[in-house]
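Structure, as structure tokens:
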Amino acid sequence: DAKTTQPTSMDCAEGRAANLPCNHSTISGNEYVYWYRQIHSQGPQYIIHGLKNNETNEMASLIITEDRKSSTLILPHATLRDTAVYYCIVNAGGTSYGKLTFGQGTILTVHP
Amino acid sequence: GAGVSQTPSNKVTEKGKYVELRCDPISGHTALYWYRQSLGQGPEFLIYFQGTGAADDSGLPNDRFFAVRPEGSVSTLKIQRTERGDSAVYLCASSSGTGEGTEAFFGQGTRLTVV
């Protein structure tokens, strides 16, 4: 799976949008971009995934650049409960899906 | 159950001892994964089961680590002759399949401390 690069940490004010970037310049054509987050002392939680098109669900939006070399996870109205480590993962899916390669992630701190 | 259950939540053992960590996946989930997470690091893949068989065990660090899933549901991760470097949180996850977008649900983990 392709390697990803994320900032080590970010801050966001409560109620504002949190935009978390991820670089994946070596992504292959069949690889998806997945985002998970891990709140302190809990297991990782799936957020969203995408291949080429932008995606939105009840938790977040995922914007993937046209060349697919980078993406941004957007939490539209961050709350204190969104404070967590956010992981951007590139994975080919299929039989290799379960072998998720987590990097260091971005520590997002939402403050009042 | 409502989610992935891991027991025990905490385990302290002496160096050289044998330990077993248990994972109860979400009912009906055919795929089950084990990960290990050291302090300050992201989870690291260990092994993946599809049904009863290990589809990929390339992440197991050495032959002291072994995992089974005899009936395609509950899985046990077994560590022989534990070392202090084995101290970590061991995470289990399950999913209903392996297709694109299949969500993996993680348990709370078992914190293993080898003293």
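The values are calculated or read from the model by the stated rules, or taken from the named source; none is laboratory data. Note that the coordinates shown come from a computational prediction; the quantities given were computed from them, not determined experimentally. Backbone-built Cβ (ideal geometry, glycine too); neighbour counts: all protein chains shown. The accessibility values were calculated without ligands, DNA or RNA, using every heavy atom of the protein model including side chains. Shrake-Rupley method; radii C 1.70, N 1.55, O 1.52, S 1.80 Å.
Structure above, values below:
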| item | result |
| --- | --- |
| Region A:44-57 - phi-based ³J(HN,Hα) in whole Hz, Karplus 6.51/-1.76/1.60, Gly and Pro as x | x, 10, 5, 10, 6, 8, x, 10, 10, 7, 5, 10, 9, 9 |
| Built amide H within the under 5 Å cut-off of B:Ile47, gap 5+ | B:Trp34 |
| Loop-exposed GluC sites (Glu not before Pro) per DSSP, neighbour cap 11 Cβ within 10 angstrom, longest uninterrupted part of chain B | B:15-70 |
| Free-standing Cys residues across the protein assembly as shown, given no other cysteine C-beta under 4.7 angstrom | A:Cys12 |
| Cα-Cα over 31 Å, subset of A:Lys3/B:Lys15; A:Lys69/B:Lys11; A:Lys3/B:Lys11; A:Lys69/A:Lys99 | A:Lys3/B:Lys15; A:Lys69/B:Lys11; A:Lys3/B:Lys11 |
| Carbon/sulfur fraction of accessible area - the protein assembly as shown, other protein chains in place, 1.4 Å, % | 48 |
| Residues listed by number, region B:34-74, amide nitrogen under 11 Å from B:Arg81 label point at 7 Å toward C-beta | B:63-65 |
| Separation of the A:Leu51 and A:Asp11 label points, Cα + 7 Å toward Cβ, nm | 4.1 |
| Per residue solvent-accessible surface (Å²) - the protein assembly as shown, probe of 1.4 Å | 48 |
| Separation of alpha-carbon centers, region A:1-28 and region A:32-105, rounded to whole Å | 9 |
| Among A:Asn57, A:Asn91, A:Asn23, residue whose mean-square fluctuation peaks in a GNM of chain A (springs only between Cα atoms under 10 Å) | A:Asn57 |
| Under 20 Å from the Cα of B:Lys78 - aspartates and glutamates, other chains or at least 8 residues apart | B:Glu14, B:Glu20, B:Asp24, B:Glu44, B:Asp56, B:Asp57, B:Asp63, B:Asp86 |
